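See below for the structure under consideration.
The values are calculated or read from the model by the stated rules, or taken from the named source; none is laboratory data. Because the structure is a prediction, the values reported are computed rather than measured. With ideal geometry, Cβ positions are generated from the backbone for all residues, glycine too; neighbour counts draw on all protein chains shown.
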């Protein structure tokens with residue numbers, strides 16, 4: 001039985017987690033027998049915080065996610081954080097994933113909802129429409145990073161969630177689904 005786990009770091013909105021879990025369960029129904037939220041809520045390792053950048057180094061959090069996958073029987077785990085992430089040589093990232101062409105031995109991926117929130121860019125309160133936008137952005141980034149763990153590279157198709165997002169507008173423009181070529185590669189029937 002193949003299982004995908006969702007691992008929360010800190011306080012992540014339960015409705016968002018429920019939405020993501022349900023959507024991933026539907027989309028990946030041919031890939032994973034079970035998509036579920038881990039009961040455990042992880043803490044971000046203090047060593048991941050870079051005081052100069054006021055950001056968290058994603059690879060150090062990925063180690064925690066991978067360890068959870070190896071010790072809990074999940075094939076893949078998506079970690080969700082509400083802190084600003086980076087990797088060396090990039091100003092920020094929306095997410096990161098372990099990658100291999102075969103998708104084997106790749107267990108961990110992470111997304112941050114911080115820069116996906118409309119309130120990150122403007123001092124505004126979330127209304128129903130903005131919450132919906134946050135959920136859709138989060139789903140897109142989750143699909144993208146899980147796609148990498150399944151062996152997908154970035155896709156050049158404008159109509160694919162695997163298209164690279166250099167900025168939030170790129171995320172908003174791309175769809176919340178895989179193109180036919182990418183879907184076929186990972187065994188999703190569209």
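At a glance:
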| quantity | calculated |
| --- | --- |
| Single residue of region 23-38 satisfying the filter (out of contact with any strand residue (DSSP E or B) (no Cβ under 8 Å at 6 or more places or on another chain) and in a helix (DSSP H, G or I)) that is nearest to residue 138 (Cα to Cα) | 23 |
| Test for residue 171: is it surrounded by 13 or more Cβ atoms within 10 Å (Cβ to Cβ), more than 22 Å from residue 101 (Cβ to Cβ), touching a residue at least 40 places away in the same chain (Cβ under 8 Å) and within 17 Å of the chain's Cα centre (by Cα) | yes |
| Residues (surrounded by 18 or more Cβ atoms within 10 Å (Cβ to Cβ) and within 23 Å of residue 61 (Cα to Cα)) located in region 22-36 | 24, 35 |
| Test: residue in region 178-187 that is touching a residue at least 40 places away in the same chain (Cβ under 8 Å), over 21 Å from residue 15 (Cβ atoms) and exposed (fewer than 15 other Cβ atoms within 10 Å of the Cβ) | yes |
| Breaking point among (1) over 26 Å from residue 183 (Cβ atoms); (2) surrounded by fewer than 18 Cβ atoms within 10 Å (Cβ to Cβ); (3) modelled with pLDDT of 95 or more, for residue 40 | (3) |
| Contacts under 8 angstrom Cβ, first residue in region 7-22 being at negative phi and at pLDDT 95 or above, partner surrounded by fewer than 12 Cβ atoms within 10 Å (Cβ to Cβ) and assigned to a strand (DSSP E or B), 6 or more apart | 7/40 |
| Residue in region 39-51 that is under 15 Å from the mean Cα position of the chain (by Cα) and either touching a residue at least 40 places away in the same chain (Cβ under 8 Å) or not in a strand (DSSP E or B) (or both) present | no |
| Residue under evaluation residue 2, criteria (1) without any contact (Cβ under 8 Å) to a residue 40 or more places away in the chain; (2) loosely packed, with under 14 Cβ neighbours inside 10 Å; (3) on the phi < 0 side of the Ramachandran plot, criterion not met | (1) |
| Residue in region 158-168 that is assigned to a helix (DSSP H, G or I) and in contact with a helix residue (DSSP H, G or I) (Cβ under 8 Å, 6 or more places away or on another chain) present | yes |
| Qualifying residue in region 127-145 (condition: part of a loop (DSSP other than H, G, I, E, B) and in contact with a helix residue (DSSP H, G or I) (Cβ under 6 Å, 6 or more places away or on another chain)) | no |
